[in-house]
Amino acid sequence: MEPLRLHRLGSAPDAPFPPVELALTDPDGLLALGGDLSPTRFLGAYRSGIFPWYSEGEPILWWSPSQRAVFRTDGVHLPRKLRQRLRHSGWTVRADTDFAAVVRGCMAPRPGQDGTWITAGMFDAYLELHRLGHAHSIEVFDGKALAGGLLGLGIGRMFCGDSMFSAGSGASSLALAVLAWRLHDWGWPLIDAQIPNAHTRRLGVEVWPRERYLAALVDARNQPGLTGSWTEAFGEFPAEKLA
């Protein structure tokens, strides 16, 4: 691991981030520490291709990895057996009807993990960003029960996906697929998935160099997005309609 030579952010919410090219290579993408999670800071980070990722008890750490996981909104692929099972699940997908519950679902530790990167501070920050119309949840319901979902931020016409969870097998994959379909219909080309993993690779994620991602982000962030609740515009999607 490289010796840590991290930029410490100033106290003002609009204090500038260092250029992302100064991010460490080991650990990959670690760029800065400190600051706060105010909406101004949070949105400024995302507009620059930077995101917070840290654990409770640590300072806030800001990242911009050299390789970025990106979905094309016409490129999310559910395996055939999963599509067949989901079509018979009776589940329904909606947006922004229970944002806090989705964040809580994403906060829950995964099997084999002791903690979560969505700290109490991150929880509060997400709720404020949702109140301001920037953060959104895609929710999968089994009747009245939340079966899974995902959350993220709309930055212009880039959706920056932060986390997903499944209480029912395949629910987060369904949320992602329906989100991609809706965004493609709205003319949004990409979903930022931050860091690739085995699950997103199975669903069709691409891995782009940071420079390519940032060029796409600059183009998307300056286009008119959709601020405010997505509930009406997103509509309701029964899983039985999966192709």
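Here are the numbers for this structure:
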| read-out | value |
| --- | --- |
| Contacts under 7 angstrom Cβ, first residue in segment 82-94 being on the phi > 0 side of the Ramachandran plot, partner open to solvent by 70 Å² or more (accessible area, probe 1.4 Å), 6 or more apart | G90/D142 |
| Any hit, segment 140-149, residues being farther than 30 Å from T40 by Cβ and without any contact (Cβ under 8 Å) to a residue 24 or more places away in the chain | yes |
| Among residues of segment 110-138, those that are open to solvent by 30 Å² or more (accessible area, probe 1.4 Å), within 24 Å of A180 (Cα to Cα) and either part of a loop (DSSP other than H, G, I, E, B) or at pLDDT below 95 (or both), counted | 2 |
| Some residue of segment 147-156 being open to solvent by 40 Å² or more (accessible area, probe 1.4 Å) and at pLDDT 95 or above | no |
| R72 vs. criteria within 15 Å of P13 (Cα to Cα), of a type in the set (K, R) and in contact (Cβ under 8 Å) with a residue 24 or more places away in the chain | no |
| Qualifying residue in segment 102-116 (condition: farther than 30 Å from G34 by Cα and basic (K, R)) | no |
| Residue match in segment 149-170 (condition: under 22 Å from A23 (Cα atoms) and either among the basic types (K, R) or over 13 Å from the mean Cα position of the chain (by Cα) (or both)) | no |
| Enumerated strands (runs of 3 or more DSSP E) restricted to segment 1-109, each holding at least 1 residues that are open to solvent by 40 Å² or more (accessible area, probe 1.4 Å), touching a Phe, Trp or Tyr at 6+ places or on another chain (Cβ under 8 Å) and among the charged types (D, E, K, R) | 92-95 |
| Elements of type helices (runs of 4 or more DSSP H) in segment 163-235, at least 1 residues being open to solvent by 10 Å² or more (accessible area, probe 1.4 Å) and within 20 Å of G105 (Cα to Cα) | 171-186, 198-202, 231-234 |
| Check on A216, over 29 Å from A23 (Cα atoms), modelled with pLDDT of 95 or more and of a type in the set (A, V, I, L, M) | no |
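The values are calculated or read from the model by the stated rules, or taken from the named source; none is laboratory data. On a predicted model such as this, the values are computed, not experimentally measured, just so you know. Every residue, glycine as well, gets a Cβ built from its backbone with ideal geometry; the counts of neighbours run over all protein chains shown. For accessibility, only protein heavy atoms count, side chains too; no ligands or nucleic acids. Shrake-Rupley method; radii C 1.70, N 1.55, O 1.52, S 1.80 Å.
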